[in-house]
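For reference, the structure is listed below as structure tokens.
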Amino acid sequence: MENLQVPNQNQSNHNSTQQSTTPFSQEALLLSQQMAQQLAEKNNSDDEIDLADLWRAIWSGKYIIIVISIIFGASSVAFALSKPDIYKASILLAPASSDSAGGMGALAGQFGGLASLAGISLGGGGTDKTAIALEIIKTRSFLEKFITKHELLVPLMASENWDKSTDSLVINKEIYDSKNKKWLSKVSATESPEPSQWQTYQRFLSLLTISQDKATSLVNIDIEFYSPDIAKKWLVWLITDVNNFMREQDEQEAQSSIDYLTKQLGNTEVSAMETVFYQLIEEQTKNMMLTKVSSEYVLKTIDPAQVPDTKAKPKRALIVVLGTMLGGILSILIVLIRHFTNNNKSTKTKEENLAQANRKL
């Protein structure tokens with residue numbers, strides 16, 4: 001009886017604990033293995049684009065896409081309708097004369113050697129008057145005189161639209177008081193409310209477009225403005241003024257040349273040089289006559305400016321289409337960003353659960 005063995009209490013408690021925890025450990029191990037497998041599959045497919053997943057994400061966010069696209073479309077319509085109509089008047093021109101150098105260049109080549117004996121330089125190569133005229137049109141001094149001469153300051157700087165019913169410009173009352181003929185807006189306390197000459201020059205230059213076909217030498221000049229009639233009128237004035245400017249300049253040069261040659265003719269004693277001077281005086285007299293005869297001195301009109309019937313811009317339909325497309329693209333990006341952000345959060349949660357399960361093991 002004394003030799004009976006009594007079961008060890010600690011051993012029995014350990015066995016019972018092991019039996020009770022074994023099912024939980026196996027279940028946790030199985031769960032961790034499944035989660036690890038899912039995460040591994042997820043990581044393997046991270047670098048691949050699942051089109052079906054993208055489509056599901058876009059479809060799930062279809063209401064967001066529709067709402068944002070409608071907002072952008074409505075905003076585009078409002079913006080397009082707020083923009084005033086702009087009309088473009090155009091004119092097609094050609095060089096008035098192919099002999100840009102006149103007769104001076106030919107005579108200089110013929111009598112240049114003799115003229116050098118008297119210490120006179122007749123000059124050589126010709127100049128392209130058409131190119132010079134086009135560059136003059138864009139100069140600040142010419143355009144400032146043009147704006148002042150035709151009183152374009154108010155319509156150029158204060159107008160904001162055109163009233164078709166009255167055929168008149170709509171003046172911005174916050175900029176110019178038409179009744180009192182007074183400029184109102186001020187850039188700063190020290191500056192005058194009236195726009196500066198530099199501002200008017202920049203404004204007119206922004207309305208003007210000049211292009212020349214190098215193959216045919218034809219020139220196309222456009223002016224864009226709120227009023228089609230005013231755009232056409234300004235374009236005609238511009239061509240007339242640049243022709244007159246070039247005419248007056250050549251007339252002054254021809255007269256100065258005649259005066260100089262006449263003076264040199266009285267001082268020379270070489271009979272051969274007298275022939276040169278008479279030829280040059282005759283040529284310059286012809287140039288003087290040409291400046292008096294031709295109204296289109298440098299730029300000759302091929303297709304005259306017409307009052308445009310249809311607006312050139314804005315392209316309202318294009319603005320609405322592009323605005324709606326922009327809203328659709330932006331909304332799709334928002335939906336996809338939200339989708340992938342939520343997926344990343346879900347992945348992090350699964351990783352945290354797996355880590356907790358591993359710690360319990």
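The values are calculated or read from the model by the stated rules, or taken from the named source; none is laboratory data. It should be emphasised that the depicted structure is a prediction, and the values quoted were computed from it without experimental measurement. For neighbour counting, all protein chains shown are included, and Cβ atoms are generated from backbone atoms with ideal geometry for every residue, glycine included. Heavy atoms of the whole protein, side chains included, go into the accessibility calculation; ligands, DNA and RNA do not. Shrake-Rupley method; radii C 1.70, N 1.55, O 1.52, S 1.80 Å.
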Legend entry - C-alpha center-to-center spacing [the stretch 49-64, the stretch 220-277] in angstrom: 71 Å
Inset, instruction - May I ask you to order 161-167, 274-280 by the average number of other C-beta atoms within 10 Å around their residues, highest value first? - result: 274-280, 161-167
Inset, instruction - Name the long-range amide H neighbours of K300: under 5 Å, sequence gap of 5 or more, or other chain; modelled H, no Pro or chain starts. - result: A94, A96
Inset, instruction - Please arrange M273, M157 by accessible surface area, largest first, computed with a 1.4 Å probe and ligands excluded. - result: M157, M273
Inset, instruction - Could you state how much accessible area T301 has, in square angstrom rounded to the nearest 10, with a 1.4 Å probe and all protein chains kept in place? - result: 40 Å²
